[in-house]
1. Which helices, counted as full DSSP H runs in chain A, have an axial Cα extent of no less than 27 Å and a Kyte-Doolittle average of 0.0 or above?
2. Can you tell which of B:GLU269, B:GLU174, B:GLU218 shows the greatest fluctuation in a Gaussian network model of chain B with Cα springs below 10 Å?
3. Which order, highest average first, do A:164-171, B:69-76 follow once you tally other Cβ atoms within 10 Å for each residue and take the mean per peptide?
4. Tally Lys and Arg at +1 and Asp and Glu at -1 over the other residues with C-beta under 12 Å from the C-beta of B:ARG29: what net charge comes out?
5. Please list, ordered by chain and number, the residues whose modelled amide H lies under 5 Å from the amide H of B:LEU116; skip anything fewer than 5 residues away on the same chain.
6. Report the relative contact order of the range B:74-186, percent, no decimals, based on alpha-carbon pairs under 8 angstrom and at least 6 residues apart.
7. What percent do you get for the relative contact order of the range B:152-282 when only Cα pairs under 8 Å and 6+ apart count?
8. Within a 10 angstrom radius of the beta carbon, how do B:TYR276, A:TYR55 rank from fewest other beta carbons to most?
Amino acid sequence: MNKRRFSIIINTTIALAVVACSDAPKSAGAAATPFRVALLTPGPVSDHSWNAGAYEGLLRIRDSLGAAISNIETKTPADFEDNFRQYGAQAYRLVFGHGFEFQDAARRVAPDYPNTDFVTTSGNTTGPNLAGLEFDLANPSYLAGMIAGAMTRTGVIGVIGGTELPPVRKSFVAFEQGARRANPHVRVLTSYIGNWDDVSAGREQALAQIARGADVIFQNADAAGLGVFQAARQSAHVYVFGSNSNQNDVAPDVTLGSVVIDLPHAFLTVAREVKDGTFRGRVISLGMTDDVVSLVLNPAMTSRIPAPVLTTVDSVRAQMLRGAFSAVDTLAPVAP
Amino acid sequence: MAVDPLVAASVRTTVPLLLAAGGELLSERAGILNIGLEGAVIAGALAATLGVGPWGLAGGYAAALCAGAAVGLLMALFVVVVRADQILTGTAATLLAFGVTGAVYRGVYGATGVALTLPTSAPFRIPVLAAIPGVGSALFDQPAVFYLAYLLIPILWWFLYRTQVGLALRAVGESPAAAGAAGIAAGPLRAAAVTVGSALGGLAGGVLVLAQAGTFAEGMSAGRGFIAIAIVVLGRWTPLGIMIGALVFGVATAMQYVVQAMGWPIRYELVLMLPYLLTLLALMFSPRGVAPAMLARSDV
């Protein structure tokens with residue numbers, strides 16, 4: 001009897017958890033077969049960063065294309081495949097797996113649901129109905145690095161990531177190269193938090209780097225990265241660069257700028273292809289020239305950046321947009 | 001390696017663990033394995049976030065205590081009154097807390113949240129003690145709630161071993177029949193232990209938000225409640241033991257931060273293992289202890 005009572009508790013709990021973590025599919029008006037789009041994120045969409053941008057992309061698809069949308073925050077990698085299958089079985093037209101880590105699950109699931117197109121963000125695995133959506137973070141990270149290298153008073157700067165995913169590492173190496181261009185003797189500290197949601201640990205990693213002299217920190221750790229801003233705020237003369245979403249408003253008093261991916265723009269581009277029937281499985285690379293990634297400086301802080309530094313950054317940015325220079329070319333040591 | 005940052009990071013990392021582990025100790029000595037502790041921590045974190053606005057910092061901490069206690073009451077209802085399985089109830093309570101905190105946070109702040117900047121507790125410097133070279137400022141130039149955590153261990157020791165109620169609580173955890181024969185009502189005592197214990201877990205969540213992060217993120221408890229449960233085992237169910245256990249884990253975690261910031265060419269995954277590795281070693285070499293006889297049993 002206790003067991004039966006208990007299973008009721010468990011079921012209620014799971015039902016509540018599901019309700020809390022996902023939006024029920026909403027009907028898209030009177031269309032007979034609504035265009036349905038789903039999103040799997042690796043963390044909460046309230047992180048002001050990677051996942052928030054994806055959720056805004058999903059909302060943009062709903063508003064611009066009249067799609068019915070649904071999203072799930074996956075808890076563990078074991079959920080990736082189940083959640084993909086769930087949407088495949090419901091014949092969603094397009095499913096985003098928002099992160100490099102979704103690729104294996106997507107590759108396994110895609111052949112079973114040929115009527116659903118699968119897209120993994122920052123992935124490079126492809127199939128007939130499977131595409132990777134890759135962002136060139138290297139260029140804007142390089143520009144941020146140039147500013148960091150020029151701004152550091154101590155000659156020590158830091159990068160803090162959630163885990164060492166290849167796109168994150170690539171962005172950090174580009175940041176380092178940019179910093180070296182501005183200051184050949186700069187020292188770069190690298191720390192990884194080990195997860196993407198422990199804000200206190202993010203703060204501690206930053207405080208440890210600050211204690212070692214780091215005075216400009218570039219973070220890419222989603223919700224955990226919020227702790228990096230907090231650490232900078234509590235320390236004197238420490239600046240932060242944010243990433244993924246425009247994080248300049250998170251801590252306007254210490255944030256020099258953000259390496260922003262316009263995820264809504266990118267998501268809408270892909271969804272439009274799927275809706276029009278022009279989608280092909282391939283690696284879709286989007287960068288600065290596509291207006292999808294950019295370094296967005298914090299207007300409240302630009303006065304702190306010396307004018308010659310801004311001029312140099314602008315000229316390198318112009319070179320990048322012309323195709324005359326790419327930070328990726330400076331990243332020889334980074335494996336794919 | 002600089003000592004000061006290491007000591008300071010150790011203290012900051014240990015305090016939330018110590019509060020949560022102290023709560024778990026109370027609960028386990030009464031025979032309830034409170035897996036819901038992780039849920040109490042995240043509930044406390046959100047309650048502190050919501051409470052600090054209207055009621056200030058003290059109100060935020062009070063809200064965190066209350067939210068933790070609410071999770072504890074839920075545990076008490078199912079474990080003590082319904083006599084459901086403790087491990088399943090605790091797991092359900094934690095999952096429920098994660099779901100509810102996420103839903104409430106988004107209900108209040110919108111689906112993608114807002115960049116919350118909450119007031120955080122200013123350090124309260126204790127004269128003389130804070131001047132001790134090396135560890136003084138790390139230990140005694142901290143938010144007031146930290147001093148409460150330091151006092152928790154002596155208070156728990158005094159309560160468990162020097163008061164009637166403490167004796168009764170331990171008796172209930174070992175032999176409810178004997179306790180019953182002595183006229184002790186096991187149920188209310190167990191319910192109180194898990195409620196107060198969870199309230200301390202909630203306070204740990206409040207510390208994460210109001211003394212450290214200055215913001216809320218879903219899932220920011222990041223397993224601290226579960227680690228606190230491990231610390232109680234590591235500490236062999238004694239107040240002094242859990243203090244040592246919390247310190248082992250806290251210092252090892254702080255070393256992990258400092259080692260990464262040294263810029264040595266070590267794979268970060270190996271460095272991140274450090275706290276867990278040291279905790280396992282400590283578990284191997286710590287003296288034997290016996291769990292309360294009624295721990296995790298529902299046939300009380």
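Only the coordinates and a few stated rules stand behind these numbers; no lab work does. Keep in mind it's a predicted model, so treat the numbers as computed, not measured. With ideal geometry, Cβ positions are generated from the backbone for all residues, glycine too; neighbour counts draw on all protein chains shown.
1. Working: long enough: A:2-21 (28 Å, 0.94).
Correct list, ordered by number: A:2-21.
2. Of B:GLU269, B:GLU174, B:GLU218, the Gaussian network model singles out B:GLU269 as fluctuating most.
3. On the way: A:164-171: 20.0, B:69-76: 25.5.
Packing proxy ranking, top to bottom: B:69-76, A:164-171.
4. On the way: positive: B:ARG170, B:ARG190, B:ARG236; negative: B:GLU24, B:GLU28, B:GLU174.
Residues close to B:ARG29 contribute a combined charge of 0.
5. HN-HN under 5 Å from B:LEU116: B:PHE216.
6. On the way: 59 pairs, mean separation 11.9, N = 113.
Reported relative contact order: 11 percent.
7. Values: 79 pairs, mean separation 22.8, N = 131.
Reported as a whole number, the value is 17 percent.
8. On the way: B:TYR276 15, A:TYR55 25.
So the ranking, lowest neighbour count to highest, is B:TYR276, A:TYR55.
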